[in-house]
1. Sort through ASN118, ASN83 and tell me the only one that's touching a Cys at 6+ places or on another chain (Cβ under 7 Å) and under 20 Å from ASP131 (Cα atoms).
2. Restricting the search to the range 148-158, which residues are within 16 Å of THR34 (Cβ to Cβ) and open to solvent by 30 Å² or more (accessible area, probe 1.4 Å)?
3. So, in the range 64-83, of the ones that are small (Gly, Ala, Ser) and at pLDDT below 95, which residue ends up surrounded by the fewest Cβ atoms within 10 Å (Cβ to Cβ)?
4. Go through the range 84-128 and count every residue that is among the polar types (S, T, N, Q) and crowded, with 20+ Cβ neighbours inside 10 Å.
5. Check whether at least one residue in the range 64-84 is within 18 Å of the chain's Cα centre (by Cα) and of a type in the set (Ser, Thr, Tyr), and report yes or no.
Amino acid sequence: TPLFLNEFAAHVSLATRSFGSVFHKVLVLDCDNTLWGGIVGEDGMDGIQLDPYSFPGNVFWNIQQQLLALERQGVLLCLCSKNNDKDVDQVLTGHTHMVLKAAHLVARKVNWNDKPGNIKALAQELNLGLDSFVFIDDSAFEVESVREQLPMVRVFHVPKRLTDYPAMMREVSALFLAGGINDESRNKTQQYRQLLNASATQSQFSSQ
């Protein structure tokens, strides 16, 4: 049937996407109105929307569940947010309904620097090409800024209609799952965190 053929074509497209093209490996995430509803610097940790039992918090909680599933399948999650790092850290460690924790993040740039510059810094730290990066933000300005300055990065704008957000995340997920998942993929975050720690330690010594 036409419905079957459409579904079949979608799976073939995903299965063949990786041939002759880049693999997406890193998903860079904004925080406010991307991982949770509201602005933590203004609303405080208790004021952000992340309640799984009421709208719109349940949308963001659902999104974090999808992100956690990607991390467990080998996708490297990073934060890139214009925020106070202490505020974000408080949410990561103290919010009752926060699904993602610091241990699920390979690196983060939570500061007031421009986002294209922060994404470049993440690529340098992880020693990965920018063409393997995907970026999600709720700000049209930030999305366009990254798209213009880093055209090799795939960018996604959080939908204004939040009920469309989970469907967008499934589209994002497909970019990563097209490359295939194996047992080695499942501890990628820990592997890269160890590499970053080793690099930081090495810089403290004058020779190998």
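The values are calculated or read from the model by the stated rules, or taken from the named source; none is laboratory data. These numbers come from a predicted model, not from an experiment. All Cβ positions, glycine included, derive from the backbone under ideal geometry; neighbour counts span all protein chains shown. For accessibility, only protein heavy atoms count, side chains too; no ligands or nucleic acids. Shrake-Rupley method; radii C 1.70, N 1.55, O 1.52, S 1.80 Å.
1. ASN118
2. Hits for the range 148-158 are ARG154, HIS157.
3. Of the range 64-83, the ones small (Gly, Ala, Ser) are 69, 74, 81.
Remaining after also requiring at pLDDT below 95: 69, 74.
Values: ALA69: 13, GLY74: 21.
That would be ALA69.
4. 1
5. Pass one, the range 64-84, residues within 18 Å of the chain's Cα centre (by Cα): 64-83.
Keeping just the survivors that are of a type in the set (Ser, Thr, Tyr) gives 81.
The answer is yes; a qualifying residue exists.
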